[in-house]
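Report on the structure given below.
Throughout, read-outs are computed from the coordinates displayed, never taken from laboratory work. Quick caveat, the model's predicted, so the values are computed rather than measured. Using ideal geometry, Cβ is built from the backbone for each residue, glycine included, and neighbour counts are taken over all protein chains shown.
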Amino acid sequence: KYTEFSIFYYWINSLGQKTPIYSRSENVAIPSGSENKTATVSYDHSIIPLENTSYTGTYYCEVKWNDIQKMGKGVFVLARATGYMETSYGWEILITLTTLLAALSITATALLLWKRK
């Protein structure tokens, strides 16, 4: 009874609109001796590269048997116009080093002037 099922992938955008992405039907054979046992089967699905910010939303997977329907919790995806960018700490490091060197320079100058007196 539960060997035949359908898998549906869809997303819900920020306006609450449901958009189907992909679906397929499965028929899984049960090995002899494994009847009446819970089985877990993983299915991966890759989505196309997100081309613009309108692809932001929550993506879901849903499985339907004859009389049962199960839905995943969903994965929220935020699509940005710039895409993913590595965090650059260049400016922060430069400012920190400059401040540290300036503080050391002022301290050294003050010590030299104090020692000269």
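Structure summary
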| read-out | value |
| --- | --- |
| Length gained when the stretch SER54-LEU94 is fully extended (0.36 nm per residue, less Cα-Cα span) | 10.7 nm |
| For the chain, calculated [θ]222 nm from helices alone, where every DSSP H run of n ≥ 4 adds -39500 (n - 2.57) | -8000 deg cm²/dmol |
| Potential extension, SER42-VAL63 segment - 0.36 nm per residue separation minus Cα distance | 6.4 nm |
| Dipole of the chain, positive direction: furthest Cα of THR98, VAL63, TYR43, with charges on the beta-carbon | THR98 |
| Helix 90-116 vs. the chain, principal-axis angle (Cα, 0 to 90°, nearest 10) | 20 |
| Rel. contact order, % - alpha carbon contacts under 8 angstrom, at least six apart, the chain | 24 |
| The chain, dipole about Cα centre (Lys/Arg Cβ +1, Asp/Glu Cβ -1), debye to the nearest 20 | 760 |
| Pairwise label distance in nanometres, SER6 with ALA102, each label 7 Å out on the Cα-Cβ vector | 6.7 |
| Summed residue charge, Cβ within 9 Å of ILE7's Cβ, Lys/Arg positive, Asp/Glu negative | 0 |
| At R0 = 22 Å, FRET efficiency that the Cβ-Cβ distance of ALA29 and MET71 yields, to 0.05 | 0.30 |
| Among 66-78, 6-18, the order from most to least packed when residues are scored by Cβ within 10 Å on average | 6-18, 66-78 |
| Debye log10 I(q)/I(0) at q = 0.15, 0.17 Å⁻¹ for region 4-77, Cα point scatterers | -0.61, -0.74 |
